[in-house]
Amino acid sequence: MSGVQRRATAFAPASVGNAAVGFDILGFALAGVGDTVTVRRTAEPTVRIAAIEGAPFPLPLEAERNTAGMALMAMRQALELPFGFELEIVKGIALGSGMGGSAASCVAALVAANALLDAPLTRHALYPFALAGEAVASGGRHGDNLGPMLLGGLVLATADRMVRIPVPAGWHSLLVHPEAVLETRRAREALAGSYALEDFVAQSANLALVLAGCHAGDAELVRAGLRDVLVEPRRAPLIAGFAEAKAAVLDSGAMGASISGAGPSVFAWFESREGAQAAAPSVQAAFARAGFESQAWVSSLDSPGAVLL
């Protein structure tokens, strides 16, 4: 069909899942690093992955085994599209880093493919397809990484909707990624077992304090609530240097800190960019003492989501 766009490229940023108090439902976008996907509209009614670049080891090229491929398969099926897609993926997020690498490929592919539709959908309408794609990597349909990648900023992502949470313009995040790998499935295995009811109550209170603090722009409410009493205690032993890194960032004045996604990366929230930047060296030094080099990123908590290039 003449006039129909045949090729599009999109970038999806990294993100921090769980955000300490919202396991599988709360996350925020991270500026400065992400995945890029180019999608070509094809006459053949299938989804094909032509190439994956930037990964340290081969990733599945079969569409049904790849987050980006499965997301576009879900889109094709739901919309009953008579055409297909061919993808080229460039990985910019380290695998097993806790920075949403599998979700980023998925979201970038959807945003690019959406631009090739005769009637493009809203970001909210893309969410179910993103959930289908993410399930390939994590084994579950959770949107704490997908939501902020689709909408930007801090997002509450439930099973069927995304809600962007307002945050003060000055608030920033620090993320430090030690050069280590922690597979999501292994990190989830650490969560097996029973939990005390009082811990669920405490975590619910913490989530409420953080959300209320964000809406009100009240850093003291966030300081009171940005603590993970459910997941972090079980995953922290899997991350060498975590306890010292967390202590360093809290000593630097962070509102709170915890594990980014499944780990091993660590994040913290600050009331200013300057505070986040000043804290980075001490956190990196803590990981260095544990034997790991690391990378650090500072970005606004209101960072943008995926964009067409």
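The values are calculated or read from the model by the stated rules, or taken from the named source; none is laboratory data. A quick note: this is a predicted structure, and the numbers were derived from the prediction, not measured. Here the Cβ is made from the backbone with ideal geometry for all residues, glycine too, and neighbour counts use every protein chain on show.
Things worth noting here:
- Pairs are defined by a Cβ separation below 7 Å, a sequence spacing of at least 6 or placement on different chains, a first member in segment 40-52 that is in the same structural domain as residue 81 (by TED's automatic domain parsing) and touching a residue at least 12 places away in the same chain (Cβ under 8 Å), and a second member that is of a type in the set (Phe, Trp, Tyr) and in a loop (DSSP other than H, G, I, E, B); the pairs so defined are 41/83; 42/83; 43/83; 45/83.
- Within segment 187-202, the set of residues being within 25 Å of the chain's Cα centre (by Cα) and of a type in the set (A, V, I, L, M, F, W, C) comprises 187, 190, 191, 192, 200, 202.
- Qualifying residue in segment 285-306 (condition: on the phi < 0 side of the Ramachandran plot, free of Cβ contacts under 8 Å to residues at least 60 places away in the same chain, among the hydroxyl-bearing types (Ser, Thr, Tyr) and outside the structural domain of residue 19 (by TED's automatic domain parsing)): no
- Members of segment 129-145 that are buried (at least 24 other Cβ atoms within 10 Å of the Cβ) and polar (S, T, N, Q): 145
- When residues in segment 145-169 are screened for being in a loop (DSSP other than H, G, I, E, B) and within 18 Å of residue 70 (Cβ to Cβ), 2 of them pass.
- All of 202, 192, 216, 196 fail the test of being surrounded by fewer than 18 Cβ atoms within 10 Å (Cβ to Cβ), hydrophobic (A, V, I, L, M, F, W, C) and either at pLDDT below 95 or in contact with a strand residue (DSSP E or B) (Cβ under 7 Å, 6 or more places away or on another chain) (or both), apart from 192.
Table: residues versus (1) more than 16 Å from the chain's Cα centre (by Cα); (2) assigned to a helix (DSSP H, G or I); (3) at pLDDT 95 or above.
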site	(1), (2), (3)
69	yes, yes, yes
78	yes, yes, yes
87	yes, no, yes
103	no, yes, yes
111	no, yes, yes
131	no, yes, yes
136	no, yes, no
143	no, no, yes
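- Scanning segment 32-58 for residues that are surrounded by 19 or more Cβ atoms within 10 Å (Cβ to Cβ) and among the aliphatic types (A, V, I, L, M) yields a total of 6.
- The number of residues in segment 261-280 that are out of contact with any Ser or Thr (no Cβ under 8 Å at 6 or more places or on another chain) and in contact (Cβ under 8 Å) with a residue 12 or more places away in the chain comes to 5.
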